[in-house]
Amino acid sequence: MLVWSSIRSCLLLATLLMVTPQSLLIGMSLSEEGNINVEHLELDLVEKDILAIYLSPGVENISVRCQPLRRGGSYDLSISTRYLSPYLEEASAVWVQPNLPGIYNLTINFVGNGSWKYVVGVYTGKQGFYEEYYGKRINIQGSFVELQPALIRHPGNWTINAILKIHSLSPSSPYFVLPTPVNSAMLIAVIGLIAYIDSFVLLDTYFKSKKESISNSRWILVGLMLLISAYAAYQIYDFTVFSQGGG
C-alpha cells in the first residue's frame with residue numbers, strides 16, 4: 001500500500017509540474033468576444049529573422065503593436081496597407097524583425113469588409129531551424145518559409161494576437177538554448193527531484209519483481225509516470241529559458 005501511495009503521489013507531482021507555460025510550434029484558436037474576433041498564434045523564430053503576415057484582400061483600419069515582454073527587447077516594425085504579395089496578390093502586410101532573444105507580444109487590429117485570408121511566414125537564412133522546429137508542414141520558397149498555409153476567415157472586426165518566442169542560435173549549439181544562471185539552478189533542482197522520484201519508483205518496482213509477481217498494470221503505470229516526467233522536464237526547461245526573456 002505504501003508503494004502504491006508513493007506512485008500516486010509521484011504521478012500527481014509530475015502532473016502538477018506539467019502546468020507551465022507551453023511552447024507550442026504554432027497554436028491557433030478562433031474565438032468571438034462581443035463583436036471582436038480573435039485569432040491566437042504562438043510562433044518560435046530566430047532573432048533578426050523577419051516575420052511576415054499577409055492579409056488578403058487588403059483590410060481596413062489596420063493598427064499594429066509589438067511589445068517586448070522583457071526590458072531591453074528590440075525590434076523593427078513595418079506596415080503596408082496595400083502590398084502586392086507574391087503569395088496572396090494584393091494584401092495588407094505586417095513585417096516584424098525582433099533583434100534580441102526573448103518573448104514579444106504582437107497585436108494586429110483591423111476590419112475585414114469581406115472574407116479574407118492570411119499567410120504567416122518568415123524571411124530567413126536559417127531554414128534548418130524551422131525544418132527542425134516545425135516539421136514537414138512548413139513550405140520553403142527560397143528565403144521565405146511559410147509556417148502555415150493560407151487560412152480563410154469571415155468578415156468583421158478582428159484582432160490577431162501572436163506570442164513570438166525568439167531564439168538565439170550559437171554556432172556550437174544551434175537549437176539548444178541555456179537558461180539564466182538563476183533559472184539553471186531551479187531547473188537542476190526540479191529535474192533532480194523528478195529523477196530521484198522516478199529512480200525510486202523504478203528501482204522499487206524492479207526489486208519487488210525479483211521477489212514476487214508484478215502485474216502488467218503496475219509496469220504500465222511506471223512507464224506512464226516516466227513519460228509524464230520527461231514531458232514535465234521539457235516544459236520546465238522551456239519555462240526557465242523564456243521566463244526572464246532568455247531565448
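The values are calculated or read from the model by the stated rules, or taken from the named source; none is laboratory data. Everything numeric in this text was worked out from a predicted model, so none of it was measured. Virtual Cβ from ideal backbone geometry, glycine too; neighbours counted across all protein chains shown.
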| task | Just give me the residues in segment 53-74 being surrounded by 12 or more Cβ atoms within 10 Å (Cβ to Cβ) and more than 21 Å from Val119 (Cα to Cα), in sequence order. | result | Pro68, Leu69, Arg70, Gly73, Ser74
| said: If a residue counts only when it is touching a residue at least 40 places away in the same chain (Cβ under 8 Å), which strands (runs of 3 or more DSSP E) contained entirely in segment 89-162 have at least 3 such residues? | reply: 89-98, 102-112, 116-123, 144-153
| request: Run down Leu41, Leu51, Leu84, Leu45 and say which single residue is out of contact with any Leu (no Cβ under 8 Å at 6 or more places or on another chain), at pLDDT 65 or above, part of a strand (DSSP E or B) and over 20 Å from Asn157 (Cβ atoms). | output: Leu84
| remark: Given the conditions (1) exposed (fewer than 15 other Cβ atoms within 10 Å of the Cβ); (2) closer than 18 Å to Ile236 by Cα; (3) at pLDDT 85 or above, every one holds for Ile194 apart from (1)
| field | Pick from segment 197-214, criterion of a type in the set (Val, Ile, Thr) and out of contact with any Cys (no Cβ under 7 Å at 6 or more places or on another chain), ranking: farthest from Ser229 (Cα to Cα) | value | Ile214
| Which residue, of Val111, Val96, Val120, is assigned by TED's automatic domain parsing to the domain that holds Arg65 and more than 22 Å from Leu45 (Cα to Cα)? | Val111
| task | Test each condition in (1) under 19 Å from Ile50 (Cα atoms); (2) touching a strand residue (DSSP E or B) at 6+ places or on another chain (Cβ under 8 Å) for Arg153 and report the one that comes out false. | result | (1)
| said: Can you pull out every residue in segment 82-109 that is crowded, with 17+ Cβ neighbours inside 10 Å and on the phi > 0 side of the Ramachandran plot? | reply: Gly102
| query | Mind checking which residues of segment 110-140 are surrounded by 13 or more Cβ atoms within 10 Å (Cβ to Cβ) and either basic (Lys, Arg) or in contact with a helix residue (DSSP H, G or I) (Cβ under 6 Å, 6 or more places away or on another chain) (or both)? | reply | Lys117, Lys126, Ile138, Ile140
| message | It is to be established whether one or more residues within segment 57-65 are closer than 22 Å to Leu151 by Cβ, touching a residue at least 60 places away in the same chain (Cβ under 8 Å) and part of a strand (DSSP E or B). | response | no
